[in-house]
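The values are calculated or read from the model by the stated rules, or taken from the named source; none is laboratory data. Small disclaimer: the values here were computed from a predicted structure and weren't measured. Heads up: the accessible areas ignore ligands, DNA and RNA and are worked out on the full protein's heavy atoms, side chains in. Shrake-Rupley method; radii C 1.70, N 1.55, O 1.52, S 1.80 Å.
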Amino acid sequence: MKVVSKLVELDFEISRIERTANGIVILNDPGKAMATKVHVSAEDAVSIARVVLTSPAALFFMVSFPFSVLRRKLGGGKKTPPAKKR
């Protein structure tokens, strides 16, 4: 996933999730980008779930992404056209 803010733009690839006393910590692969930790509390998880469950765009994404992944794996995904020769 890509994280974009006024401070940084980085590719965030989740490498592990750890349990803490107050929730979880999501860690990225420090070899791929700047080392980053995302702290998610139980309250944050409830807020995320509420937004996802009330967002038509998020619900459509959740239902359709397995088909998108399968289509790409089977070779039917978007392909870039070959470069024009001069």
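Being of a type in the set (S, T, N, Q), over 21 Å from residue 13 (Cα atoms) and either open to solvent by less than 50 Å² (accessible area, probe 1.4 Å) or assigned to a helix (DSSP H, G or I) (or both) is the filter here; which residues of region 25-63 pass it?
Answer for region 25-63, where residues must be of a type in the set (S, T, N, Q), over 21 Å from residue 13 (Cα atoms) and either open to solvent by less than 50 Å² (accessible area, probe 1.4 Å) or assigned to a helix (DSSP H, G or I) (or both): 47, 55.
Do we find a residue being at pLDDT 90 or above, in a loop (DSSP other than H, G, I, E, B) and among the charged types (D, E, K, R) anywhere in region 4-19?
For region 4-19, residues at pLDDT 90 or above, in a loop (DSSP other than H, G, I, E, B) and among the charged types (D, E, K, R): present.
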